[in-house]
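Right, one structure below, let's go through it.
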Amino acid sequence: MPTSQIPVITIDGPTASGKGTVAHKVADKLGYHLLDSGALYRLTALQALRRGTRLDDEHAIAKLAEHLNIHFTGEAVFLSQENVTDAIRVEEVGNTASKIAALPMVRQALFALQLSFRKTPGLVADGRDMGTVIFPHAQLKVFLTASVEARADRRYKQLIAKGISANMQDLLMDLKARDDRDMNRAVAPLAPAADAHVLDTSSMTAEEAVDQVLKWYAAVGK
Ligand code: DC
């Protein structure tokens, strides 16, 4: 099958909107591959933090992005054979990811890598610009939103469940700052594609959101 015909479902949305969970479950149900594009920005951020690369050195950070030695196994993420699944989820890495994601050369460096995830029988891609920039011809585009309070509450519970300490006020401030950066950057800002289905998950369970996405997908082309 030509790559351009391999089905793609894009799931974009702000941080902690539930898109990661929903994308995983939709991919599982359909037997599709998954692209967690945020993980690529987080991996680049982790490398930069570990190497002490200056965050305003666009060339150096783009080089790190270009040479990432990564692989995904189920829900685990490896960087040069090291399991960094938890390391990339800490808030410092998320905030740094949001900062370096504003650098055009970094986005360019990760472009081809993201396209390479499109394999048969299909792909579910989650991020900020999956439907607008990376897969503009996706069969189905979904934009998940949720109130900042609902998202902070989810993030809080996720962190506590992992044994990571968290403070609700700090989380709310971090989420707002990250939303602001992700929505207002010049390149590929977070925004729903014109043809995206928008779903507010503030008072929905992940399963309800998954069912809605699958319903929309079943209706594609009908
Ligand atoms: O989805 P996430 O929280 O893991 O993403 C981490 C950061 O990476 C997020 O703040 C913005 C950036 N990002 C992006 O700019 N474009 C994407 N497609 C995915 C993530």
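Any chance the stretch 190-199 includes a residue that's open to solvent by less than 80 Å² (accessible area, probe 1.4 Å) and out of contact with any strand residue (DSSP E or B) (no Cβ under 9 Å at 6 or more places or on another chain)?
So far as the stretch 190-199 goes, no, none of its residues is open to solvent by less than 80 Å² (accessible area, probe 1.4 Å) and out of contact with any strand residue (DSSP E or B) (no Cβ under 9 Å at 6 or more places or on another chain).
One residue stands out among those in the stretch 2-13 that are out of contact with any helix residue (DSSP H, G or I) (no Cβ under 9 Å at 6 or more places or on another chain) and of a type in the set (S, T, N, Q): the one that is nearest to the ligand (Cβ to nearest atom), which is S4.
Kindly state which helices (runs of 4 or more DSSP H) lie completely within the stretch 14-122 and contain at least 2 residues that are of a type outside the set (G, A, S), within 14 Å of the ligand (Cβ to nearest atom) and in contact (Cβ under 8 Å) with a residue 24 or more places away in the chain.
Of the helices (runs of 4 or more DSSP H) lying wholly inside the stretch 14-122, those with at least 2 residues that are of a type outside the set (G, A, S), within 14 Å of the ligand (Cβ to nearest atom) and in contact (Cβ under 8 Å) with a residue 24 or more places away in the chain span 19-30, 37-51, 91-100, 104-115.
For D126, the conditions (1) acidic (D, E); (2) buried (at least 16 other Cβ atoms within 10 Å of the Cβ); (3) more than 11 Å from the ligand (Cβ to nearest atom) all hold with the exception of (3). Counting just the residues of the stretch 136-146 that are open to solvent by 10 Å² or more (accessible area, probe 1.4 Å) and at pLDDT 95 or above, which one comes out farthest from the ligand (Cβ to nearest atom)? My answer is Q139. Scanning the stretch 75-111 for residues that are among the small types (G, A, S) and farther than 17 Å from D180 by Cα yields A76, S80, A87, A109.
Residues in the stretch 178-208 that are within 16 Å of the ligand (Cβ to nearest atom) and small (G, A, S) were compared, and the one that is modelled with the lowest pLDDT is A188. Of all the residues in the stretch 20-34, those that are touching an Asp or Glu at 6+ places or on another chain (Cβ under 7 Å) and open to solvent by less than 20 Å² (accessible area, probe 1.4 Å) number 1. Among the residues making up the stretch 50-84, a single one is buried (at least 16 other Cβ atoms within 10 Å of the Cβ) and of a type in the set (S, T, N, Q): T53.
Do we find a residue being under 30 Å from L68 (Cβ atoms) and in a loop (DSSP other than H, G, I, E, B) anywhere in the stretch 169-183?
No.
Here is the figure for the stretch 67-104: residues that are of a type in the set (A, V, I, L, M, F, W, C) and in contact with a strand residue (DSSP E or B) (Cβ under 9 Å, 6 or more places away or on another chain) total 10.
The values are calculated or read from the model by the stated rules, or taken from the named source; none is laboratory data. Because the structure is a prediction, the values reported are computed rather than measured. We place every Cβ from the backbone using ideal geometry, glycine too, and count neighbours over all the protein chains shown. Just the protein is used for accessible areas: all its heavy atoms, side chains included, with ligands, DNA and RNA removed. Shrake-Rupley method; radii C 1.70, N 1.55, O 1.52, S 1.80 Å.
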